[in-house]
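S.K.: A single structure is presented below for examination.
The values are calculated or read from the model by the stated rules, or taken from the named source; none is laboratory data. What you see is a predicted model; the values in this text were computed from it and never measured. Reconstructed Cβ throughout: ideal geometry from the backbone, glycine too, with neighbour counts over all protein chains shown. Side chains are part of the model used for accessible areas, which takes the heavy atoms of the whole protein and leaves out ligands, DNA and RNA. Shrake-Rupley method; radii C 1.70, N 1.55, O 1.52, S 1.80 Å.
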Amino acid sequence: QTSRPQDRIMIVFSGHAMEKDGEAYLVPLEGEFEEIPSLIPLKPIYEKLAKCPAQEKLLVFDVCRFDPGRGVERPIFGPMTEGLEKAIHDCPEGVSVVTSCSAGQHSYEYEYWQASVPGLFRIEHYGSVFQSLIFTADLKKAALTKLTSPESPLPFEILLNYLTEFVPLAVKDLEKKEQTPKFTSKARKEWLAYNKDEPLAPKFELPAAPKTAKREEVVAIEG
């Protein structure tokens, strides 16, 4: 709501998501897959983004996460389903969406991982393969070679070319599985001119997260 018409915004969600009866939901920390009211429906988020005045809006979903080493500690939705993929990529006009994997796939993560990828140095990183390759892309000089100007669109298509090439190679080296990011763009074709004299968008208040159990209480249960 605080965005200006000339602004470009990017939102990243990293976590679990699920689909039920054709509707997509994001799973907050306190959410339970079996309890729909505890989840965050995606449709109202898309409705708000459709009304957002920013000229470019990009959502990145690193969902359907799975750590083969850790296994399943709590119930998970499983790999990306065709229904979940369709619901996430059915974004409103003016919005672009990236998912870390495609239908039938997981987004793999590891506490620590090393992968030998042709065309790259040996990669050593922590956590999500998808996010790690975003972080390392510029270091490898493989995708982003220069900063864009305020007049330029977000350079994600350049980065996506890098991710769609190297994420599958890294996951195949680590897991002998497939993981291919997917991109849907409904971005506008004409951009507003950058106006450096327009005041910056005001800061917004980030709502406080719901209260959860204290760490001491969780430790006491384990003890």
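S.K.: If Ser152 satisfies every condition in (1) among the hydroxyl-bearing types (Ser, Thr, Tyr); (2) surrounded by 14 or more Cβ atoms within 10 Å (Cβ to Cβ); (3) farther than 29 Å from Tyr108 by Cβ but one, which is the exception?
M.R.: All conditions pass for Ser152, except number (2).
S.K.: Tell me, which strands (runs of 3 or more DSSP E) lie completely within the range 72-133 with 2 or more residues that are at negative phi, at pLDDT 95 or above and under 13 Å from the mean Cα position of the chain (by Cα)?
M.R.: Of the strands (runs of 3 or more DSSP E) lying wholly inside the range 72-133, those with at least 2 residues that are at negative phi, at pLDDT 95 or above and under 13 Å from the mean Cα position of the chain (by Cα) span 95-99.
S.K.: For residues that are touching a Cys at 6+ places or on another chain (Cβ under 8 Å) and buried (at least 21 other Cβ atoms within 10 Å of the Cβ), scanning just the range 78-96, find the one that is nearest to Arg8 (Cα to Cα).
M.R.: Filtering first and then ranking leaves Leu84.
S.K.: May I ask you to verify whether Glu157 is under 18 Å from Phe61 (Cα atoms), at pLDDT below 85 and open to solvent by 90 Å² or more (accessible area, probe 1.4 Å)?
M.R.: Yes, satisfied.
S.K.: Here are Lys189, Lys177: which of them is more than 17 Å from the chain's Cα centre (by Cα) and loosely packed, with under 13 Cβ neighbours inside 10 Å?
M.R.: So the residue among Lys189, Lys177 that is more than 17 Å from the chain's Cα centre (by Cα) and loosely packed, with under 13 Cβ neighbours inside 10 Å is Lys189.
S.K.: Which residues, counting only those in the range 37-51, are open to solvent by 30 Å² or more (accessible area, probe 1.4 Å) and closer than 18 Å to Cys64 by Cβ?
M.R.: Ile40, Pro41, Ile45, listed by residue number.
S.K.: Can you tell me which residue is most open to solvent (accessible area, probe 1.4 Å) among those in the range 1-36 that are at pLDDT 90 or above and in contact with a helix residue (DSSP H, G or I) (Cβ under 6 Å, 6 or more places away or on another chain)?
M.R.: Glu19
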